[in-house]
Amino acid sequence: MGGRITVEKVLHLISGGDVGGAKTHVLTLVKELQKSLYVKIICFMEGPFAQEAREMGIDITVIPQNRRYDLKVVNTLVQIIKDEGFTLIHSHGARANFITRFIKKRIPIPCVTTIHSDFMLDFKGNLYKHIIYTNLNVFALKKFDYFIAVSQNFKDMLIGRGFPEEKIFTVYNGIDFDEDIEYKSREIFLEERGLSYLNDKKLIGILARLHPVKGHEILIDAVSNILDDDNEVHVLITGEASELPELNNKIKKLNMEKNVHFIGFVDKPYDFLNTIDINVLTSYSESFPYVLLEGARLKKPTISSAVGGIPMLIDDGVNGYLFKAGDADELSKKLSILIKDEALCKAFGNALYIKASNNYSLKNLASTHINIYNEVAESVRNTQ
């Protein structure tokens, strides 16, 4: 990549209501970028995202919106960009993309956006939001200079939807494998949620938002098969049952209420991951999810659907198991193997840690982004 000019000030825009992988990505990336660049985050609502950013020492400003697409914030943002001398905007998510599109109409600043998910599925399950917000996001995306896809699969997706290949970078997520991490013990975590009686049980966990694209029902079907032979297997699901009524109805229909537990919101993933025995992801669509890297950090045996960039991390049968998305029978068989084989679980966990720490570090993530910023800025400058 280029490097003939240096981008010194980068403004990151994000809604501020983000949780899970997108939140982790932006906060950890910006924290690492701060070591080399002047970086600021602006978001549009108060909440856990902004609070966590402050606790991490990140420069963040909240500019509240009256409603999701209130464009009064554009004037404020344009003035901040001019006053503070930002030379590039890095946007994340539909709301930020939409706002960036109008900033770009006012000032000729290079703009890049990260594609964290399949934007055609982000509002699946809500017809109104899907029709309105998805189309507005597509409208905005067409005006960006460059795109960062968090997996080759997502780059291919963008190309297939008409975005120019030469304007798409592929950057896989990374986490800090050197930083000390703190997490609650299994006993304390379960006790706080009234589940102390599960301490000696086999716990299968899925750390994912309750959304149809995450495929929770596949895990329920798979475990339903296992319970015929082993009634001591339990599933921990983050979130509340009311968030996805269809899933809760399936659990009741299969008489699995005693073995499936909705444990509410989890703001510290390592608390959850330390508690479970097997880390499972059942998504129909993914990029390169942080929950698998975080699980690898704790050497957790992992089973995931083979979607997005996940096969780049997990080698089936070597450092974990993969299964075809939607195939509950295959998931059931591979879960059964791990439930019965502690030695294999340990071997998978160790192997996954080694591959993840060697290939997907936070330092590599930040360095790659700096190179991209330089190339984007130089390219846009040469076309003006």
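Can you run down the residue pairs with Cβ atoms below 8 Å, 6 or more apart or on separate chains, where the first is in the stretch 213-232 and in the same structural domain as THR282 (by TED's automatic domain parsing) and in a helix (DSSP H, G or I) and the partner is of a type in the set (Lys, Arg) and buried (at least 19 other Cβ atoms within 10 Å of the Cβ)?
Note: no pairs meet the criteria.
Inspect the stretch 321-340 for any residue being of a type in the set (A, V, I, L, M), modelled with pLDDT under 95 and closer than 25 Å to ASP176 by Cα and give the result as yes or no.
Within the stretch 321-340, not a single residue is of a type in the set (A, V, I, L, M), modelled with pLDDT under 95 and closer than 25 Å to ASP176 by Cα.
Mind checking which residues of the stretch 12-69 are polar (S, T, N, Q), surrounded by 16 or more Cβ atoms within 10 Å (Cβ to Cβ), under 22 Å from ILE81 (Cβ atoms) and at pLDDT 90 or above?
Hits for the stretch 12-69 are SER15, GLN34.
Is there a residue in the stretch 346-361 that is touching a residue at least 60 places away in the same chain (Cβ under 8 Å), of a type in the set (A, V, I, L, M, F, W, C) and surrounded by fewer than 21 Cβ atoms within 10 Å (Cβ to Cβ)?
Within the stretch 346-361, not a single residue is touching a residue at least 60 places away in the same chain (Cβ under 8 Å), of a type in the set (A, V, I, L, M, F, W, C) and surrounded by fewer than 21 Cβ atoms within 10 Å (Cβ to Cβ).
Would you say SER357 is more than 16 Å from ILE204 (Cβ to Cβ) and either in a helix (DSSP H, G or I) or not assigned by TED's automatic domain parsing to the domain that holds ILE278 (or both)? So that I can check it myself, show each step before the final result.
Numbers: more than 16 Å from ILE204 (Cβ to Cβ): yes; either in a helix (DSSP H, G or I) or not assigned by TED's automatic domain parsing to the domain that holds ILE278 (or both): yes.
Judged against the criteria, SER357 is a match.
Here's a check for you: in the stretch 263-309, which residue that is in contact with a Phe, Trp or Tyr (Cβ under 7 Å, 6 or more places away or on another chain), within 13 Å of LEU352 (Cβ to Cβ) and aliphatic (A, V, I, L, M) is surrounded by the fewest Cβ atoms within 10 Å (Cβ to Cβ)?
LEU298
Counting only residues that are in a loop (DSSP other than H, G, I, E, B) and either touching a strand residue (DSSP E or B) at 6+ places or on another chain (Cβ under 9 Å) or surrounded by 23 or more Cβ atoms within 10 Å (Cβ to Cβ) (or both), which one in the stretch 2-11 is modelled with the highest pLDDT?
Within the stretch 2-11, the first condition is being in a loop (DSSP other than H, G, I, E, B), and the residues that meet it are 2-8.
Cutting the leftovers down to either touching a strand residue (DSSP E or B) at 6+ places or on another chain (Cβ under 9 Å) or surrounded by 23 or more Cβ atoms within 10 Å (Cβ to Cβ) (or both) gives us 7-8.
On the way: VAL7: 80, GLU8: 84.
It comes out as GLU8.
Would you confirm whether any residue within the stretch 251-259 is crowded, with 19+ Cβ neighbours inside 10 Å, part of a helix (DSSP H, G or I) and modelled with pLDDT of 95 or more?
yes
Please tell me if ASN75 is part of a helix (DSSP H, G or I) and more than 22 Å from the chain's Cα centre (by Cα).
Criteria met by ASN75.
Looking only at the stretch 362-384, which residues are polar (S, T, N, Q) and touching a residue at least 24 places away in the same chain (Cβ under 8 Å)?
Residues of the stretch 362-384 that are polar (S, T, N, Q), as a first pass: 364, 367-368, 371, 374, 379, 382-384.
ASN364, THR368, ASN371, ASN374, SER379, GLN384 - these are the residues of the stretch 362-384 that are polar (S, T, N, Q) and touching a residue at least 24 places away in the same chain (Cβ under 8 Å).
The values are calculated or read from the model by the stated rules, or taken from the named source; none is laboratory data. Owing to the predicted nature of the structure, the values given are computational and were not obtained by experimental measurement. Cβ: placed from backbone, ideal geometry, glycine included. Neighbour counts: every protein chain shown.
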